[in-house]
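Coordinate-derived values only; no laboratory data. What you see is a predicted model; the values in this text were computed from it and never measured. Using ideal geometry, Cβ is built from the backbone for each residue, glycine included, and neighbour counts are taken over all protein chains shown.
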Ligand code: TRP
């Protein structure tokens with residue numbers, strides 16, 4: 001797989017809403033942390049909006065990446081499936097290019113300090129601020145607030161613990177996590193003011209427009225590609241068979257404008273389906289969506305080029321996944337190394353946090 005099948009990401013960074021000139025940082029003096037849930041298959045939107053940034057960041061920063069299995073417990077699930085999905089996700093992350101010599105890759109529950117610091121932070125956060133988290137409101141209203149798990153309510157605090165344990169400067173996340181990052185910053189600042197400087201106050205690193213953060217559902221292009229989409233036809237999983245991927249892209253919703261000059265144009269409002277395909281091409285191959293549009297007269301050619309670009313990414317990734325999956329023991333030993341490396345850093349922060357908040361040393 002080419003090292004970078006996508007445009008260089010460096011200068012595209014948006015930190016807390018402002019463009020940020022991100023210089024390659026050979027000394028890796030800044031720390032980055034991010035997490036991904038071991039739920040279901042990763043889709044193309046996740047990959048383009050998040051994972052490829054992780055891959056890019058590992059050579060610029062001291063990067064910690066975890067599969068957040070404890071977060072998966074916030075909603076109902078099958079225990080046997082959880083451990084399988086955790087290993088699958090770790091394998092996929094390695095297939096995408098995360099390497100033990102380039103970053104620290106681990107499983108959240110292997111480092112017990114995550115749960116431990118989460119408790120101290122739960123005693124720092126207020127009911128009011130957690131009640132205002134929109135993701136909790138969305139997810140809990142799907143069942144009912146009455147039966148929603150306490151863990152679902154406290155979810156953002158565990159996420160804050162993930163981040164603060166590693167003194168992360170930057171947290172690459174999708175736009176939907178912005179509010180959780182704000183909460184993390186608030187908690188770190190409140191704690192530091194109350195108990196003394198303990199935590200680095202992190203910044204969110206959110207992909208800017210054109211950074212792949214807004215890949216839309218192929219069947220419903222006004223909504224983001226998401227695991228919770230109504231139909232599978234709009235969602236490209238990284239595990240989909242290449243033929244299925246090709247078919248899904250060829251059947252993507254466009255519109256009824258007759259073919260000819262000007263039919264293929266950029267405009268997410270007027271032509272959301274066509275714009276999404278242009279965005280896909282631009283994200284995968286570089287260039288600006290409106291410039292790319294000028295090269296097309298028909299939707300068919302646009303679709304076949306978009307499919308080709310997606311397959312150029314997905315096919316080698318799947319090959320690499322299959323190779324790694326043949327030796328799960330090797331993946332697990334990468335995770336073991338990651339857990340011990342992460343554990344050292346986490347233990348240091350945890351000691352500082354315990355002493356700051358007044359727990360008696362044993
Ligand atoms: N909440 C994140 C999501 O759903 C996953 C996550 C858990 C995370 N802990 C994290 C992301 C720490 C960044 C940093 O996408």
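Values computed for the structure shown
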| read-out | value |
| --- | --- |
| Mean Cα-pair separation over length for the chain, i.e. relative contact order, pairs under 8 Å, 6 or more apart, % | 23 |
| Using a Förster distance of 30 Å, the FRET efficiency for residue 290-residue 312 (Cβ separation, nearest 0.05) | 0.85 |
| Label-point separation, residue 149 to residue 344 (7 Å along Cα→Cβ), nm | 3.3 |
| Residue exposure sequence - 239, 64, 136, 106 - by fewest surrounding Cβ within 10 Å | 239, 136, 106, 64 |
| Label-reachable residues, the stretch 229-259, where backbone N falls under 13 Å from a point 7 Å from residue 298's Cα toward its Cβ | 259 |
| Computed Kirkwood radius, in angstrom, where 1/r is averaged over Cα pairs of the stretch 235-362 | 18.4 |
| Exposure proxy order (Cβ contacts within 10 Å, fewest to most) of 250, 271, 30, 137 | 137, 250, 30, 271 |
| For the stretch 89-144: rounded, prolate or oblate by the Cα gyration tensor [a/c cutoff 1.5] | oblate |
| Computed label-point distance, nm, for sites residue 231 and residue 201 using a 7 Å Cα→Cβ extension | 4.8 |
| Efficiency of FRET between residue 84 and residue 179 - r from beta-carbon atoms, R0 35 angstrom, step 0.05 | 0.70 |
| Within the stretch 50-84: backbone nitrogen closer than 20 Å to the residue 41 label point (7 Å, Cα to C-beta) | 50-52, 78, 81-84 |
| Sorted by Cβ neighbour density within 10 Å, fewest at the top, the residues 112, 71 | 112, 71 |
| Two-site label geometry, residue 333 and residue 134: point separation in nm, points 7 Å out along Cα→Cβ | 4.6 |
| Ordering of 223-233, 46-56 by burial proxy (mean other Cβ atoms within 10 Å per residue, highest first) | 46-56, 223-233 |
| Globularity index of the chain, i.e. its alpha-carbon radius of gyration over 2.2 N^0.38 Å | 1.02 |
| Using a Förster distance of 51 Å, the FRET efficiency for residue 28-residue 223 (Cβ separation, nearest 0.05) | 0.85 |
